[in-house]
Amino acid sequence: MTGSPNGDTTGHDPGVRQVLQRHYDPEESIEFTTALVAAIADAKGVEATEVGSPPLYDVVDAAALENTFFGAETPRRSSRGSGTVSFRYDGLVVEVESDGWIHVYEPAGGDETEE
């Protein structure tokens, strides 16, 4: 996993700025849900144990997302899904790409209120 370049709004709503990007590798021992929670916690500057309200599962089906993007290949399924999924979580926008990149954005200008 990698660190957090700041200020990237390329290709995104100019009202948000990227505060963190991290790469998830399904071949590593960390679980996908854990990687999502860690990315959110790092973006918020808190411990992962402090991320819990609302529960992540109330916002996104992480298991379905993991299966779609990173699920095992089988004889009936020769390739993984591709694309990007984004969702809002506690004032942040979290974007997951099928290549494993997790990006976290916050409102530009430090305004953390949700619209």
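What follows draws every value from the coordinates through simple rules; no lab data is involved. Treat the numbers as computed from the prediction; the structure is a model and nothing was measured. Here the Cβ positions follow ideal geometry from the backbone for every residue, glycine too, while neighbour counts run over all protein chains shown.
On alpha-carbon atoms, Rg over Rh for the range 16-108 using Kirkwood Rh?
Working: Rg = 13.3 Å, Rh = 13.7 Å.
Reported Rg/Rh, Kirkwood definition of Rh: 0.98.
Using the Cβ atoms and a cut-off under 12 Å, what net charge is assigned to the surroundings of ASP58, where Lys and Arg are +1 and Asp and Glu are -1? Taking every other residue near ASP58 into account, the sum is -1. Peptides 93-103, 19-29 ranked from most to least packed, by the mean per-residue count of other Cβ atoms within 10 Å: 93-103, 19-29. Each Lys or Arg adds one and each Asp or Glu takes one away; over the other residues whose Cβ falls under 14 Å from the Cβ of ALA41, this sums to -3.
Extension gain for THR68 to SER82 (0.36 nm times residue separation, less C-alpha to C-alpha distance): 4.2 nm.
Once both labels are positioned 7 Å from their Cα atoms along Cα-to-Cβ, the gap between ASP25 and ASP90 label points is 2.8 nm.
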